[in-house]
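**Student:** Dropping the structure in here first, questions after.
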Amino acid sequence: MPENSTLLNTGPAVWLLLAVLLVAAAAIGRAVLGLPVKYILLAGIRALVQLTVVAVLIAQLGRSGWLAMAFLLLMLGVASWTAAKRIGGSPFWIAALPISAGTLPVAGLMVVTGVLPLHPLALAAVVGQLIGGSMTAMNLAGRRLKQELALRHGEVEAGMALGLTLRNARSLVARPVAAEALIPALDQTRTVGTVTLPGAFVGLVLGGASPLDAGLVQLVVLVSLLAAEAVAISVATYLAEAGQMNR
């Protein structure tokens, strides 16, 4: 690698660095946070295996639209399964519906307007980010909604005693809690360029794109994620108000 290269060095030193950082994270997590060492170590090993497999798949995605669609369905399935597990073993569809509702309309609008090209690699990259963002929002919203509705059941009953319907009484608890799940996406959008330089922006600039074009692409990514997560959180809130998350 040239000495003036702006790319990270992926030589032998990177493996030593990864091992040291992973062991340090596991040790700190165990000593301070009480997390099992294997919890963090297995996460790192799993990331390595998954990225290796994905790297091989990505090399083939440009050749087949069907393979790209299958890959996205796999991502959606894994995201839904993970979110359902995180919010207390809820049914698969409880997580799949908000994630899909957040991802599909936004991706569809990007395709219809011509912003997102119908190329397998482009679809996999952008739709994959939308799925990931919606999953994170669903995790945050789902867990808090389920916990708060259980802990503040007395407030729901009090609302019903005052003449509110069950859904409206639940909404008094659910809406403020659900709104908190959008804060990370809002903060990321508000502070872009001042606190962090996001990966898409940096990657495009390093790849030779003009800073203006790179900034515009990054803005599209951030706003699309904000919209997808807002929809996912809203659908999760409606499900919670209907009592579906208590199943």
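The values are calculated or read from the model by the stated rules, or taken from the named source; none is laboratory data. Being a predicted model, the structure only gives us computed values, none of them experimental. Ideal geometry is used to build each Cβ from the backbone, glycine not excepted, and the neighbour counts take in all protein chains shown. The area values use the complete protein model at the heavy-atom level, side chains included, leaving out ligands, DNA and RNA. Shrake-Rupley method; radii C 1.70, N 1.55, O 1.52, S 1.80 Å.
**Student:** Could you check the stretch 49-164 for helices (runs of 4 or more DSSP H) lying wholly inside it with 1 or more residues that are touching a Pro at 6+ places or on another chain (Cβ under 6 Å) and over 24 Å from residue 177 (Cβ atoms)?
**Tutor:** On the way: elements: 65-86, 92-112, 120-151, 153-161.
Fully inside the stretch 49-164 and qualifying: 65-86.
**Student:** Is it fair to say residue 75 is open to solvent by 90 Å² or more (accessible area, probe 1.4 Å) and within 29 Å of residue 121 (Cβ to Cβ)? Even if it seems obvious, please write down each step before you answer.
**Tutor:** Values: open to solvent by 90 Å² or more (accessible area, probe 1.4 Å): no; within 29 Å of residue 121 (Cβ to Cβ): yes.
No, not satisfied.
**Student:** Out of the residues in the stretch 110-144 that are of a type in the set (Ser, Thr, Tyr) and under 17 Å from residue 81 (Cβ atoms), which is most open to solvent (accessible area, probe 1.4 Å)?
**Tutor:** So the first thing to find is which residues in the stretch 110-144 are of a type in the set (Ser, Thr, Tyr), and the list is 113, 134, 136.
Cutting the leftovers down to under 17 Å from residue 81 (Cβ atoms) gives us 134, 136.
Working: 134: 0, 136: 68 Å².
This residue is 136.
**Student:** Further, regarding this structure: Mind counting the residues in the stretch 25-48 that are loosely packed, with under 12 Cβ neighbours inside 10 Å and outside any helix (DSSP H, G or I)?
**Tutor:** Here the count works out to 2.
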